[in-house]
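Colleague: The following block contains the structure, expressed as structure tokens.
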Amino acid sequence: MTESSSFEVEVTSDSAVEFAKLSGDWNPLHTDPAHAATTAYRRPVLHGAFSAALVSRMAGMYLPGKDCLLHNLDLKFVAPIVPPATLRVTGRLTGERHGIGRVEVAVVDVASGTRYVTGTYEFGRHTHGAEVAQRGEAPSSTAGEATVLVTGASGGLGRALLARLGSRGLGVSRTGGDGLLAVPNANALAEAIGERRLDAIVHCAWPAPDNQRLVSLDDPDKAVDYHLSRPLVDMIRLAQLLKQRGTPGAQLALIGSTAAWPGRHNYRMPLYSLAKGLIPALVKILALELASSGHRVTGLIFDVVEAGMNQRLSAAARVAHADRSPTGRLPTADDAAEQLAWVLASPGWLASGATITLSGGALP
Amino acid sequence: MTEDHERKLVEVFRAVLSLGLDRDVADVRQLNTPSWDSLAHVSLVAAVESEFGISIGIADSLSLTSYPAVKLYLEERVS
Amino acid sequence: MTKPKIQVLDVAAVSSESLAAFFSEVWDGGATAESVSAARRRAASVNLAEPGMDVPTTVVVADDRVVGYCSSLPVQLWDGHSAHPGYWGKGLMVLPEYRNGPIGYLVLKELVGRLHRSVVLTVAPASVRLFEALGYSNLGVVPNYLCALRPGRLVSNAPTTALKGRIPRLAVRGIRLAQACGVLGMTAAALGLGIRAATAIVAIPRVGLKVVHSDRLPPASELDGLWHETRPGGWSGVVRDSRYLSQRYEGERYHFVMARDGNALRALGVLRAPRAQSDERVRGLSLSALSDLVVKVGDSRAALAVTRGAMALARQLGGDALLASTPSRWMGRLLLAQAWFPVPGNLRFLVRETDASRSWPMHLEQWWLMRGDGESDGGF
């Protein structure tokens, strides 16, 4: 990656109007020449956030470009931009450690040299397309063929499990792609899987964890619906699906998390913790209800696994989590999938209703 | 981290935790080192602060649970 | 969200709910805010060191969560001449996920700073190091003695069968008991001592004192009288008057053995009722403890009478073995003479005094310590 970069952009009064359409900020200082004429600026001034968008362009297209994950922006609007003007946006990489980079950025008038905006941003990088699972044939709707249904199959754990299951596995995700079946929600699953019978359902799908204290939530109803009610409804629907389509002895595996217990995480994802905390009781209830149809339900609790969102962990956080483990390392998605597969492979019924912790003895 | 800093850090660990020369310090963690108890932890933090001229808050010191963790922490704090 | 905010506080600064949540995690699953508050009020009302004052207790909180705790037990300490308020350092506990970090040190350091005079009995080496680092003098390990009450119940190991028939039966049973204590590490020297003690037992004369046991302590006036009689002697230790004894030992777990000369109370033994041990080292033995003994140092008749009475009572209550701890050489000889076996000690005694005008003995034998001190008779 280059150490510095720049680009130029012409801005006109139309730029402000276009931005107002996009953002909904129709403040007359930006969009009404007659009003602007009565202010100290005399002419409409470009939105400050427009410059922020130019900084976003610097990050997303140049520094670092394609893999950019913008973490934060710290900008000073030093002087107003009064179109028309030609702006030069410059960025200079001041450091990158352990995947986190810092860029000093400025927006300057090409003609006059006036500095309009100064600031910094920090970025990380995301991976993409590196671990497409080696799978068997694309799913086909074959009546009577028993299958292991894996929800959330675009995530690290789901992909790793599908790789182990080969042609037995059927992965579903909200958007599909990569050989996965696109299923927008749990209600649509029964129709999506056609006539298939199910040997097992492994529920890896889950909303991304929350990160707000409960007492700070602006809209608790919405947050609880998203993080608690909907995941619970999904799990109930999967149990219903198993009852209808499960082969004799078929198993539902619900993935829990040590975040449901007290630990150093200090409940930083309270709704996620609450929702995962439902799993042990739910497993017992569903095991009771599904016993009459000869089906099994097990809860499987993992600690931090190097997959999905956890791949964005900083190096320090990664080491801190690894230090909690007696082995000194974080399990990979494949390690977790291997243990999952071991549970699925067992025909025994005694684990039904049980919740098994697969954390390798990690301290809380 | 410079070689000099790394050498200093290794010495601090060996001294505070009474580690023999045969022990690979890079692998040392709270969980696998019996001599790393609460007192040793406080002594280690104090020794690192003194050796590298920094101050480490309690919340930060909670996350210093292994040699790699301390090394990473210093890499971000010490030029 | 950011890193947790860590604070070291007096326990009064945290809510009873937070404290109850901590207790539920580490000790008692049934702790509630009400039970925690009530316990603190009760402790303050019977504070022997500073009557009416809250018992010094410190906590470490991470955001709103109590993650470390340390408390104390108020007592009066006797220096051979007079009594002085002091505290047992007691109840140091840190949540598992925060152990081996700074929390234990911080919470203990804060508490110790508030205790001008304190003593500690502790087992864990990490805990000993912490106390030493905070200015406590380590006086060493309090010797343990074990008495076999029901040899037939004990596990026997092959080597002892080879000895059968060559030494008295009582000794064999005692050796088996010591072996059953596994990791305690019965040494050859102790084995030899045990054999000698077993053969000496018949030589002890009848003591001529009346021995009585009860579930209740004698009246306070008798206890205070006994303390008055026993306290001279140049030794240091907890003031074992009626206030201390009633607060410490009244309850279902304890039984009392009195040795009387006519009506006069000559000695008092406190027996902790036997219970099955989950500790692997004693492999499910039902272990009783001689938690306390109030007797004039040198009054062998009274001491013998009470310990024999305790042994009989412990057997009656179903105990397999009886444990005593004492640094007193005089008391140790008496126990050995009754076929008790020395077993490696595990309790270390530490002392800290901040008043420069006051000093305490630095030799363990100059302290009168028993298993019940510092509530150390709760487990093995």
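The values are calculated or read from the model by the stated rules, or taken from the named source; none is laboratory data. Being a predicted model, the structure only gives us computed values, none of them experimental. Note that we place each Cβ from the backbone using ideal geometry, even for glycine, and neighbour counts take in every protein chain shown.
Colleague: Of all residues being within 23 Å of the chain's Cα centre (by Cα) and hydrophobic (A, V, I, L, M, F, W, C) in region C:49-70, which is farthest from the other protein chains (Cβ to nearest Cβ)? Just the residue, please.
Modeller: Among those residues, the one meeting the criterion is C:Ala49.
Colleague: Take residues that are hydrophobic (A, V, I, L, M, F, W, C) and within 19 Å of C:Arg243 (Cβ to Cβ) and tell me which of the strands (runs of 3 or more DSSP E) falling wholly in region C:1-108 contain 3 or more.
Modeller: Details: elements: C:6-10, C:58-62, C:65-78, C:83-94.
Correct list: C:65-78.
Colleague: A:Cys68 is checked against (1) buried (at least 20 other Cβ atoms within 10 Å of the Cβ); (2) farther than 29 Å from A:His126 by Cβ; (3) not polar (S, T, N, Q) and fails just one. What number does that condition carry?
Modeller: Evaluating A:Cys68 over (1) buried (at least 20 other Cβ atoms within 10 Å of the Cβ); (2) farther than 29 Å from A:His126 by Cβ; (3) not polar (S, T, N, Q) leaves (2) as the failure.
Colleague: Another question, then. Just to confirm my filter: which helices (runs of 4 or more DSSP H) fall fully inside chain B and include at least 2 residues that are buried (at least 19 other Cβ atoms within 10 Å of the Cβ) and within 11 Å of chain C (Cβ to nearest Cβ)? Break it down into steps so the answer makes sense when it comes.
Modeller: Working: elements: B:3-17, B:38-52, B:58-62, B:67-77.
In chain B, the matching helices (runs of 4 or more DSSP H) lie at B:38-52, B:58-62.
Colleague: If you don't mind, there's one more thing I want to ask. Out of the residues in region C:305-356 meeting the condition of being farther than 24 Å from C:Arg253 by Cβ and free of Cβ contacts under 8 Å to residues at least 24 places away in the same chain, tell me which one is surrounded by the most Cβ atoms within 10 Å (Cβ to Cβ).
Modeller: Here the residue is C:Arg333.
Colleague: Return the only residue of C:Leu92, C:Leu121 being away from chain B (no Cβ under 14 Å), within 23 Å of C:Asp28 (Cα to Cα) and touching a strand residue (DSSP E or B) at 6+ places or on another chain (Cβ under 7 Å). Break it down into steps so the answer makes sense when it comes.
Modeller: Numbers: C:Leu92 fails: away from chain B (no Cβ under 14 Å).
Result of the check over C:Leu92, C:Leu121: C:Leu121.
Colleague: Being under 19 Å from the mean Cα position of the chain (by Cα), surrounded by 18 or more Cβ atoms within 10 Å (Cβ to Cβ), under 24 Å from B:Ala40 (Cβ atoms) and outside the structural domain of C:Leu322 (by TED's automatic domain parsing) narrows it down to one residue among C:Val94, C:Val120; which is it?
Modeller: Numbers: C:Val94 fails: under 19 Å from the mean Cα position of the chain (by Cα).
Matching residue, one of C:Val94, C:Val120: C:Val120.
Colleague: Would you please name the residue that is nearest to C:Lys109 (Cα to Cα), looking only at residues in region C:5-16 that are more than 14 Å from chain B (Cβ to nearest Cβ) and surrounded by 14 or more Cβ atoms within 10 Å (Cβ to Cβ)?
Modeller: Of region C:5-16, the ones more than 14 Å from chain B (Cβ to nearest Cβ) are C:10-16.
Now restrict to residues that are surrounded by 14 or more Cβ atoms within 10 Å (Cβ to Cβ): C:10-11, C:14, C:16.
Values: C:Asp10: 12, C:Val11: 14, C:Val14: 18, C:Ser16: 22 Å.
So the residue we want is C:Asp10.
Colleague: Check A:Thr12, A:Thr38 and return the single one that is free of Cβ contacts under 8 Å to residues at least 24 places away in the same chain and of a type in the set (S, T, N, Q). Explain how you work it out, then say what you get.
Modeller: Numbers: A:Thr12 fails: free of Cβ contacts under 8 Å to residues at least 24 places away in the same chain.
None of the others qualify; the one that does is A:Thr38.
Colleague: Hand me the list of helices (runs of 4 or more DSSP H) wholly inside region A:270-364 holding 1 or more residues that are in contact (Cβ under 8 Å) with a residue 60 or more places away in the chain and more than 14 Å from chain B (Cβ to nearest Cβ). Quick ask: steps written out before the conclusion?
Modeller: On the way: elements: A:270-277, A:279-291, A:315-323, A:333-345.
Correct list: A:270-277, A:279-291, A:333-345.
Colleague: Counting only residues that are part of a helix (DSSP H, G or I) and touching a Ser or Thr at 6+ places or on another chain (Cβ under 9 Å), which one in region A:29-51 is farthest from A:Gly91 (Cα to Cα)? It would help to see each step written out before you state the result.
Modeller: Filtering region A:29-51 down to residues part of a helix (DSSP H, G or I) leaves A:29-31, A:33-36, A:48-51.
Checking which are touching a Ser or Thr at 6+ places or on another chain (Cβ under 9 Å) leaves us with A:29, A:31, A:33, A:49-50.
Details: A:Leu29: 29, A:Thr31: 29, A:Pro33: 32, A:Ala49: 17, A:Phe50: 16 Å.
Selected residue: A:Pro33.
Colleague: Here are some conditions: (1) surrounded by fewer than 23 Cβ atoms within 10 Å (Cβ to Cβ); (2) in a loop (DSSP other than H, G, I, E, B); (3) in contact with a Phe, Trp or Tyr (Cβ under 8 Å, 6 or more places away or on another chain). C:Ser359 meets all but one. Which one does it not meet?
Modeller: (3)
Colleague: Restricting attention to region C:237-258, and to residues there that are at pLDDT 95 or above and of a type in the set (Gly, Ala, Ser), which single residue is farthest from C:Ser221 (Cα to Cα)?
Modeller: Only one residue tops the list, namely C:Gly237.
Colleague: Only residues that are modelled with pLDDT of 90 or more and in contact with a Leu (Cβ under 6 Å, 6 or more places away or on another chain): list them for region C:113-132, please.
Modeller: C:Val120, C:Leu121, C:Phe131
Colleague: When region C:27-48 is examined, which residues are found to be surrounded by 15 or more Cβ atoms within 10 Å (Cβ to Cβ) and either within 14 Å of chain B (Cβ to nearest Cβ) or not small (Gly, Ala, Ser) (or both)?
Modeller: Scanning region C:27-48 gives C:Thr32, C:Val36, C:Arg40, C:Val46, C:Asn47, C:Leu48.
Colleague: Let me ask another. Give me the residue from region A:173-194 that is assigned to a strand (DSSP E or B) and not small (Gly, Ala, Ser) and, out of that set, surrounded by the most Cβ atoms within 10 Å (Cβ to Cβ).
Modeller: Taking region A:173-194 first, the residues assigned to a strand (DSSP E or B) are A:173, A:177, A:180-182.
Going one step further and asking which of them are not small (Gly, Ala, Ser), we end up with A:180-181.
Numbers: A:Leu180: 24, A:Leu181: 20.
The selected residue is A:Leu180.
Colleague: Follow-up question, since we're still on this one. Would you check which residues across region C:227-257 are hydroxyl-bearing (Ser, Thr, Tyr) and in contact (Cβ under 8 Å) with a residue 60 or more places away in the chain and list them?
Modeller: From region C:227-257, those hydroxyl-bearing (Ser, Thr, Tyr) are C:230, C:236, C:242, C:244, C:246, C:249, C:254; that's our starting set.
C:Thr230, C:Ser236, C:Tyr244, C:Tyr249 - these are the residues of region C:227-257 that are hydroxyl-bearing (Ser, Thr, Tyr) and in contact (Cβ under 8 Å) with a residue 60 or more places away in the chain.
Colleague: Taking only region A:195-216 into account, find how many residues are within 14 Å of another protein chain (Cβ to nearest Cβ) and either in contact with a strand residue (DSSP E or B) (Cβ under 6 Å, 6 or more places away or on another chain) or not in a loop (DSSP other than H, G, I, E, B) (or both).
Modeller: 3
Colleague: Which residues, taken from region B:40-79, are over 19 Å from C:Arg99 (Cβ atoms) and in contact (Cβ under 8 Å) with a residue 60 or more places away in the chain?
Modeller: Answer for region B:40-79, where residues must be over 19 Å from C:Arg99 (Cβ atoms) and in contact (Cβ under 8 Å) with a residue 60 or more places away in the chain: B:Lys71, B:Leu74, B:Glu75, B:Val78.
Colleague: Another one. Any residue at all in region A:222-244 that's within 14 Å of chain C (Cβ to nearest Cβ) and not acidic (Asp, Glu)?
Modeller: The initial filter retains those residues of region A:222-244 that are within 14 Å of chain C (Cβ to nearest Cβ), namely none.
No, every residue in region A:222-244 fails to be within 14 Å of chain C (Cβ to nearest Cβ) and not acidic (Asp, Glu).
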